[in-house]
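Worksheet for the structure shown next.
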Amino acid sequence: MTDGFVSRLKASLTKTRQRFLAPLEEAMLFHKKISPEFYEELEEILIASDVGYKTTSLLLDKLKEKVKTEKTDQINEIKGYLREIMTALLSVLSPPDLDTDLPLALLVVGVNGVGKTTSIAKLAEYYKGKDKSCLLVAGDTFRAAAIDQLRVWGQRLGIDLIHHQEGADPGAVAFDGISAANARKVDVAIFDTAGRLHTKVNLMTELEKVHRVVSQNLGERRLLNLLVLDATTGQNALSQARAFHEAVGIDGIILTKLDGTAKGGIVLAIAAELGLPIVWLGIGEQSEDLRRFDPDEFVKALFA
């Protein structure tokens, strides 16, 4: 990560730090030594930071084990131990290879309003910057604005868009998209998908169909399913992730809108409870504000 991005990452985590780091430091000053009472207060602090009950319990168990191993009750060791445990937690999961030499099909899913279309444009810009040819596929046919948004982004980036008219069958669009990508030998085909349907068709059933169409026509291409989550939704993001993972199988998370929330603890919950790697982090609206997730830099910024 560049120094500029690290600085913006630190700034984006300001609200989370206020919810987590400031109370932690106050608790350390008050308790003087590591004690059961301190652990109780730390539990409340973590839960308030949107880490969640399950992940909080995991972190506390690991912290107590570390303290026992080190045979210490020195409160000033706590921040270092927590940094080590959090970094390890976020580093266990191996992200999918997004920079492989194989051609890719990226199926981008998520509910409406999470920043899915903007994330797709930023992904396209990322790959274009690596001299990869790209193709956008407008699979959210239930929302006219989604097609128009992708068309504007495509024109801006000089990238072709495969689309049908509003209300068309998403499976048919997906088929035309993957066929065009293969025929043109495009390096990276990025598929938008519906986040909400205006019909009685079940969203997940429709997504499963799109996923099946793309999967069956990959050729030499590798398929990766990326889920866009809005950090401001906190624990609700976990239930969204479970539903999408059950439907199509998620390879990695794009976490957006980290700049406007005090719920940065959701990053830890996603890793611990879902076992899914965060691969991209969005901390603003500019193209350079979507970057590959680095566990070490994230935890450093959280404790900055």
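The values are calculated or read from the model by the stated rules, or taken from the named source; none is laboratory data. Quantities reported herein were computed from a predicted structural model and do not represent experimental measurements. As a convention, Cβ positions derive from the backbone with ideal geometry for all residues, glycine included, and neighbour counts pool all protein chains shown.
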Which of (1) crowded, with 16+ Cβ neighbours inside 10 Å; (2) part of a helix (DSSP H, G or I) is the odd one out, the single condition PHE142 does not satisfy?
(2)
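Within the range 48-59, work out how many residues are among the aliphatic types (A, V, I, L, M), at pLDDT below 95 and buried (at least 16 other Cβ atoms within 10 Å of the Cβ). Even if it seems obvious, please write down each step before you answer.
Within the range 48-59, the subset among the aliphatic types (A, V, I, L, M) is 48, 51, 58-59.
So of that shortlist, the ones also at pLDDT below 95 come out as 48, 51.
Pick out the ones that are also buried (at least 16 other Cβ atoms within 10 Å of the Cβ) and you get 51.
Going through the range 48-59 one residue at a time, the tally reaches 1.
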Residue pairs, Cβ under 9 Å, 6 or more apart or interchain, first in the range 134-152 and farther than 14 Å from THR118 by Cα, second hydroxyl-bearing (Ser, Thr, Tyr). List them.
CYS134/TYR127; GLY139/THR193; PHE142/THR199
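Any residue at all in the range 175-185 that's at positive phi and either touching a residue at least 40 places away in the same chain (Cβ under 8 Å) or aromatic (Phe, Trp, Tyr) (or both)? Full working, then the answer.
Let us first name the residues in the range 175-185 that are at positive phi, namely 185.
This time we only want the ones that are either touching a residue at least 40 places away in the same chain (Cβ under 8 Å) or aromatic (Phe, Trp, Tyr) (or both), so: 185.
So far as the range 175-185 goes, yes, one or more of its residues are at positive phi and either touching a residue at least 40 places away in the same chain (Cβ under 8 Å) or aromatic (Phe, Trp, Tyr) (or both).
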Residues in the range 161-175 that are surrounded by fewer than 16 Cβ atoms within 10 Å (Cβ to Cβ) and closer than 14 Å to LEU135 by Cα total 0
Before we move on, is VAL228 more than 30 Å from LEU59 (Cα to Cα), crowded, with 23+ Cβ neighbours inside 10 Å and not aromatic (Phe, Trp, Tyr)?
no
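Among ASP73, ASP140, ASP99, which is the only one that is under 18 Å from LEU229 (Cα atoms), modelled with pLDDT under 95 and acidic (Asp, Glu)?
On the way: ASP73 fails: under 18 Å from LEU229 (Cα atoms); ASP99 fails: under 18 Å from LEU229 (Cα atoms).
Residue meeting the stated conditions: ASP140.
Yes/no per residue for (1) in contact with a helix residue (DSSP H, G or I) (Cβ under 8 Å, 6 or more places away or on another chain); (2) of a type in the set (Val, Ile, Thr); (3) surrounded by fewer than 19 Cβ atoms within 10 Å (Cβ to Cβ):
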| site | (1), (2), (3) |
| --- | --- |
| ASP192 | yes, no, no |
| VAL214 | yes, yes, no |
| ASN236 | no, no, yes |
| ARG242 | yes, no, yes |
| LEU255 | yes, no, no |
| LEU276 | yes, no, no |
| TRP280 | yes, no, no |
| PRO295 | yes, no, no |
